[in-house]
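Here's the structure, in structure tokens; my notes come after.
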Amino acid sequence: MTFQYEGLDHVHLAIPVGGEERARKFYCGILGFEEIEKPALLRKQGGAWFQLGSVNIHVGLEDPFIAAKRAHPAIRVKNIIAMKDYLHGKHVDFVVDERLPGANRFYVRDPFGNRIEFLEWE
């Protein structure tokens with residue numbers, strides 16, 4: 001090959017029409033992402049873009065909306081135990097999954113039912 005992959009640019013998740021404010025409350029207010037401005041030509045489509053470090057999540061409007069129940073982004077975390085404690089304090093439900101050897105991981109659902117995995121490798 002004469003090209004190489006450099007990394008993942010972003011993950012795109014669907015949200016229902018009008019869901020931007022709920023997305024902001026979850027991704028910014030709870031998970032700690034910052035909203036970044038979308039390019040002018042894309043703003044008219046709705047949705048929102050969020051960034052935290054090198055992790056970028058874009059949410060876009062879909063009608064009819066169907067949540068990603070199995071497909072999901074997996075976000076690496078440092079000190080995942082502290083994250084679990086933090087989410088518990090925010091009353092965010094999560095499901096621990098111990099089936100992946102060497103990984104401490106859990107899943108949350110965003111306000112629209114999209115599945116998001118957080119994991120820390122041992």
Among the residues of the stretch 35-54, the number that are more than 14 Å from the chain's Cα centre (by Cα) and either hydrophobic (A, V, I, L, M, F, W, C) or assigned to a strand (DSSP E or B) (or both) is 4
Here the qualifying pairs (Cβ atoms under 8 Å; residues six or more apart or on different chains; first in the stretch 16-35 and hydroxyl-bearing (Ser, Thr, Tyr); second assigned to a loop (DSSP other than H, G, I, E, B)) come out as Tyr27/Phe33; Tyr27/Asp110
Please tell me if Phe3 is within 21 Å of Val77 (Cβ to Cβ), without any contact (Cβ under 8 Å) to a residue 40 or more places away in the chain and not charged (D, E, K, R).
no
Qualifying residue in the stretch 89-102 (condition: surrounded by 13 or more Cβ atoms within 10 Å (Cβ to Cβ), closer than 18 Å to Glu20 by Cα and among the β-branched types (Val, Ile, Thr)) = no
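How about the stretch 112-122: which of its residues are assigned to a loop (DSSP other than H, G, I, E, B) and surrounded by fewer than 16 Cβ atoms within 10 Å (Cβ to Cβ)?
To start, the set of residues in the stretch 112-122 that are assigned to a loop (DSSP other than H, G, I, E, B) comprises 112-114, 122.
Within the stretch 112-122, Gly113, Glu122 qualify.
Considering only residues that are part of a strand (DSSP E or B) and within 12 Å of Ile15 (Cβ to Cβ), which ones fall in the stretch 55-64? Outline the logic, then answer.
Start the filter on the stretch 55-64 by keeping residues that are part of a strand (DSSP E or B), which leaves 55-61.
Selection gives Ile57, His58, Val59, Gly60, Leu61.
Do we find that Lys44 is at pLDDT below 95, of a type in the set (Lys, Arg) and under 24 Å from Asp9 (Cα atoms) in this structure?
Details: at pLDDT below 95: yes; of a type in the set (Lys, Arg): yes; under 24 Å from Asp9 (Cα atoms): yes.
Here the answer is yes, as Lys44 does meet what is asked.
For the stretch 32-50, which positions are surrounded by fewer than 18 Cβ atoms within 10 Å (Cβ to Cβ) and touching a strand residue (DSSP E or B) at 6+ places or on another chain (Cβ under 9 Å)?
Of the residues in the stretch 32-50, the ones surrounded by fewer than 18 Cβ atoms within 10 Å (Cβ to Cβ) are 32, 34-46.
The answer is Gly32, Glu34, Glu35, Ile36, Glu37, Lys38, Leu42, Gln45, Gly46.
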Per the filter on the stretch 5-31, residues out of contact with any strand residue (DSSP E or B) (no Cβ under 6 Å at 6 or more places or on another chain), part of a loop (DSSP other than H, G, I, E, B) and either under 19 Å from Gly113 (Cβ atoms) or not aromatic (Phe, Trp, Tyr) (or both) are Glu6, Gly7, Leu8, Asp9, Pro16, Gly18, Gly19, Leu31
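The values are calculated or read from the model by the stated rules, or taken from the named source; none is laboratory data. Worth saying up front: this structure is predicted, and the values here are computed from it rather than measured. Note: ideal-geometry Cβ built from the backbone for every residue, glycine included; neighbour counts use all protein chains shown.
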